[in-house]
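Please treat every number below as a calculation from the coordinates, not as lab data. Note that the structure is predicted; figures quoted are calculated from it, not measured. For neighbour counting, all protein chains shown are included, and Cβ atoms are generated from backbone atoms with ideal geometry for every residue, glycine included.
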């Protein structure tokens with residue numbers, strides 16, 4: 001059965017199902033001591049623990065063929081949700097079901113060894129994505145060529161600029177033929193030529209992958225690349241719908257005018 005085969009009820013099969021998902025994590029911080037406490041503890045502060053409810057009872061289904069944009073202010077829970085769907089963060093409660101292999105580009109540079117060359121990190125990234133050594137070796141040259149880094153591809157990545165690193169990391173994610181592609185702010189890194197090329201590759205993947213998720217503050221990218229969108233605020237699902245409708249509601253909520261700068265920087 002192909003990815004676009006329909007079910008008996010006429011709907012496309014599910015790619016991701018999030019059911020009543022909540023994620024709470026604990027973080028520590030240095031509590032500023034009072035004068036008396038400072039004297040008792042010789043000026044040392046006291047470590048305090050705080051619980052953060054990053055995701056609060058979120059539920060939604062994503063069907064095959066969906067390119068889902070995820071928007072919201074900093075701290076809304078966007079990256080936490082993506083990491084949970086990628087299997088990196090366990091749910092505190094609720095459940096997540098994912099059909100197919102996910103290729104994630106959640107934070108540029110994570111999982112790469114900067115002491116290794118770009119080519120070696122391509123192999124490393126492919127193996128981390130679950131491909132066999134043979135599959136990775138068959139695609140390594142294609143991925144390396146796509147970066148357009150020339151001889152730099154065989155130099156240590158610690159010598160790369162942020163834009164050069166982005167080329168390698170994005171290339172690995174999109175050339176591993178993922179069923180589900182998850183990208184967090186990847187398109188905001190790199191020069192204009194790279195972003196244009198990345199957009200074209202994303203459009204190609206949107207037509208072949210089971211589903212795509214894109215987290216971005218660039219609302220123009222969300223409207224251009226996605227056919228659905230969700231808006232998160234303080235861990236809660238505020239709205240789901242067509243990208244234009246969700247973006248407009250979000251902009252109205254934060255009282256931002258539809259200027260060209262706002263479309264790329266919110």
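DSSP assigns beta bridges within the range 121-259; of those with both partners inside it, close to 50 percent run antiparallel.
Any chance you could run the full-extension gain for residue 154 through residue 93? It's 0.36 nm times the residue separation minus the Cα-Cα distance, nm to one decimal.
17.5 nm
Here the extension length gained between residue 145 and residue 177 equals 9.9 nm, from 0.36 nm per residue of separation less the Cα-Cα distance.
The slack in the chain from residue 73 to residue 124, taken as 0.36 nm per residue of separation less the alpha-carbon distance, amounts to 15.1 nm.
Computed from the Cβ-Cβ distance with R0 of 41 Å, the FRET efficiency linking residue 227 to residue 133 stands at 0.70.
Out of every Cα-Cα pair in the range 66-265, what percent are more than 27 Å apart?
Roughly 31 percent, rounded to a whole number.
Label positions at residue 114 and residue 248, each projected 7 Å from the Cα along the C-beta direction, are separated by 4.5 nm.
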